[in-house]
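Heads up: the structure comes next, in structure tokens.
The values are calculated or read from the model by the stated rules, or taken from the named source; none is laboratory data. Being a predicted model, the structure only gives us computed values, none of them experimental. Please note: Cβ atoms are built from the backbone with ideal geometry, for glycine as well, and neighbour counts cover all protein chains shown. The accessibility values were calculated without ligands, DNA or RNA, using every heavy atom of the protein model including side chains. Shrake-Rupley method; radii C 1.70, N 1.55, O 1.52, S 1.80 Å.
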Amino acid sequence: MNAARRRVSEGWGMFPAVVWTMLLGTLMVRAAFFMVWPFLAIILERQFHLSPSEIGGVLGTAFLSSALVGFYSGNLSDRFGRQPVMLAGCAGAVVAYALLALASTLEAYTVAAFLAGFSRAAIEAPSKAVMADYIDDQRTRDLAFHARYFLINFGGAVGPLIGLAFGLSAMQAAFWLTAVSYALFAAA
């Protein structure tokens, strides 16, 4: 047991700063995403009186765009570099969430949701590739990817709770917080 703990603690210490940036940035943007995303359905229902299936269609466009872009973002980061693709994804996310904060039409919400999904996919694959680029040891790399997966789930669990704690439920202005989180991730 002590040997296993020692390997884990050594693995944490072996993460380069850029890997820590990817891990903590992932936690920050995922928590911010999940802080506001569940409330988008409420906003769509309250402002536009959409049915559950119509809301699912709007939100589904975000995940569809993410799935489609996900096939190509890794290839683009191999061609043009990880940083430019990730920065473009962060810039797209900032625009998407700013648009969600300012939107007043169903079309604007739909476009912003699509752009949010598109942008997330442009960040995901390159960030994983950065981690793999900077960690040669397989055990340490595995630990980094397990930590990333945990932080995504942790962000998904605490994000809505943070939103509720701050009274952000179904407040359109809360999307600014998510835009800022992506701007901070880009800066890091």
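Residue count for segment 124-149 satisfying the condition of being open to solvent by 40 Å² or more (accessible area, probe 1.4 Å), within 17 Å of the chain's Cα centre (by Cα) and hydroxyl-bearing (Ser, Thr, Tyr): 1. Does segment 108-167 hold any residues that are at pLDDT 90 or above and outside any helix (DSSP H, G or I), and which are they? 135, 136, 137, listed by residue number. Does residue 63 fit the bill of being open to solvent by 40 Å² or more (accessible area, probe 1.4 Å) and either modelled with pLDDT of 90 or more or in contact with a helix residue (DSSP H, G or I) (Cβ under 8 Å, 6 or more places away or on another chain) (or both)? Yes: the conditions hold for residue 63.
Among the conditions (1) over 29 Å from residue 55 (Cβ atoms); (2) touching a Lys or Arg at 6+ places or on another chain (Cβ under 6 Å), residue 186 misses just one, which is (2).
For segment 47-65, the criterion of a residue being closer than 30 Å to residue 146 by Cβ, assigned to a helix (DSSP H, G or I) and free of Cβ contacts under 8 Å to residues at least 24 places away in the same chain is satisfied by at least one position. Consider residue 70 carefully, then state whether it is touching an Asp or Glu at 6+ places or on another chain (Cβ under 7 Å) and either surrounded by fewer than 19 Cβ atoms within 10 Å (Cβ to Cβ) or within 16 Å of residue 28 (Cα to Cα) (or both). Against the criterion (touching an Asp or Glu at 6+ places or on another chain (Cβ under 7 Å) and either surrounded by fewer than 19 Cβ atoms within 10 Å (Cβ to Cβ) or within 16 Å of residue 28 (Cα to Cα) (or both)), residue 70 qualifies.
Being open to solvent by 20 Å² or more (accessible area, probe 1.4 Å), over 21 Å from residue 179 (Cβ atoms) and among the aliphatic types (A, V, I, L, M) is the filter here, so list the residues in segment 16-49 that pass it. Those that are open to solvent by 20 Å² or more (accessible area, probe 1.4 Å), over 21 Å from residue 179 (Cβ atoms) and among the aliphatic types (A, V, I, L, M): 17, 18.
Would you check if there is a residue in segment 156-171 being among the β-branched types (Val, Ile, Thr) and closer than 22 Å to residue 104 by Cβ? So far as segment 156-171 goes, no, none of its residues is among the β-branched types (Val, Ile, Thr) and closer than 22 Å to residue 104 by Cβ. A Cβ distance below 6 Å, combined with a sequence gap of six or more or placement on separate chains, defines the contacts here; from segment 163-174, residues that are open to solvent by less than 80 Å² (accessible area, probe 1.4 Å) reach residues that are modelled with pLDDT under 80 and not polar (S, T, N, Q) in the pairs 174/168.
Taking (1) at pLDDT 90 or above; (2) buried (at least 20 other Cβ atoms within 10 Å of the Cβ); (3) farther than 15 Å from residue 44 by Cβ in turn, residue 100 satisfies each apart from (3). Taken as a whole, segment 74-91 holds at least one residue that is touching a residue at least 60 places away in the same chain (Cβ under 8 Å) and open to solvent by 50 Å² or more (accessible area, probe 1.4 Å).
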